[in-house]
1. Identify the single condition in (1) in contact with a helix residue (DSSP H, G or I) (Cβ under 9 Å, 6 or more places away or on another chain); (2) closer than 21 Å to residue 38 by Cα that residue 62 does not satisfy, given that it satisfies every other one.
2. Taking residue 148, is it in contact (Cβ under 8 Å) with a residue 24 or more places away in the chain, part of a helix (DSSP H, G or I) and within 23 Å of residue 38 (Cα to Cα)?
3. Looking at (1) in contact with a helix residue (DSSP H, G or I) (Cβ under 8 Å, 6 or more places away or on another chain); (2) at pLDDT 95 or above, which is the one condition that is false for residue 77?
4. Give segment 31-50 a look and list any residue that's closer than 22 Å to residue 123 by Cβ and surrounded by fewer than 16 Cβ atoms within 10 Å (Cβ to Cβ), or say none.
5. Can you tell me which of 38, 86, 47 is under 20 Å from residue 17 (Cβ atoms) and at pLDDT 95 or above?
6. I need a count of the residues in segment 11-30 that are crowded, with 21+ Cβ neighbours inside 10 Å and either out of contact with any helix residue (DSSP H, G or I) (no Cβ under 9 Å at 6 or more places or on another chain) or under 16 Å from residue 111 (Cβ atoms) (or both).
7. What residue, among those in segment 97-115 that are more than 16 Å from the chain's Cα centre (by Cα) and in a helix (DSSP H, G or I), is surrounded by the fewest Cβ atoms within 10 Å (Cβ to Cβ)?
8. Return yes or no: is residue 59 more than 16 Å from residue 1 (Cα to Cα) and touching a residue at least 40 places away in the same chain (Cβ under 8 Å)?
């Protein structure tokens, strides 16, 4: 299975978009960034695994979802994207939480999209650093597709 670990703030929502829409309730995801994400999924067949700090709101089961988690599912579904899973929330380094998830799953290829630099040897060649002021763009998308389809 191919997996795309995804952060929200700074990746699917630029700093500017967040400032301009700060009075909105719930999860802020820029529609233009969701379209780019959809193109990555369409071109790679990757499954989405949440690495965002928002992941605590989401669950694989309906019982574990709160209102924000339901909103996340609705937003992703409106683009034809399904959230597959999330990394564990252990309050340790995010890169280590990703490693723990990888250790428990069979993965043929993976990529990580984040605006925070994640420095870990096992992420080299899999990590795409996104500039939070710009968020996900076509250059990031191309790099991600190459990693997942290599």
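The values are calculated or read from the model by the stated rules, or taken from the named source; none is laboratory data. Since this is a predicted model, take the numbers as computed values, not measurements. Positions of Cβ are backbone-derived with ideal geometry, glycine not excepted, and every protein chain shown enters the neighbour counts.
1. The one condition residue 62 does not meet is (2).
2. Details: in contact (Cβ under 8 Å) with a residue 24 or more places away in the chain: yes; part of a helix (DSSP H, G or I): yes; within 23 Å of residue 38 (Cα to Cα): yes.
So residue 148 passes the test.
3. Condition not satisfied by residue 77: (1).
4. We begin by selecting, within segment 31-50, every residue closer than 22 Å to residue 123 by Cβ; these are 33, 36-37, 40-41, 43-50.
43, 45, listed by residue number.
5. Working: 86 fails: under 20 Å from residue 17 (Cβ atoms); 47 fails: under 20 Å from residue 17 (Cβ atoms).
Just a single option satisfies the conditions, and that option is 38.
6. Total satisfying the criteria: 2.
7. Across segment 97-115, the extreme among qualifying residues is 103.
8. Details: more than 16 Å from residue 1 (Cα to Cα): yes; touching a residue at least 40 places away in the same chain (Cβ under 8 Å): no.
No: the conditions fail for residue 59.
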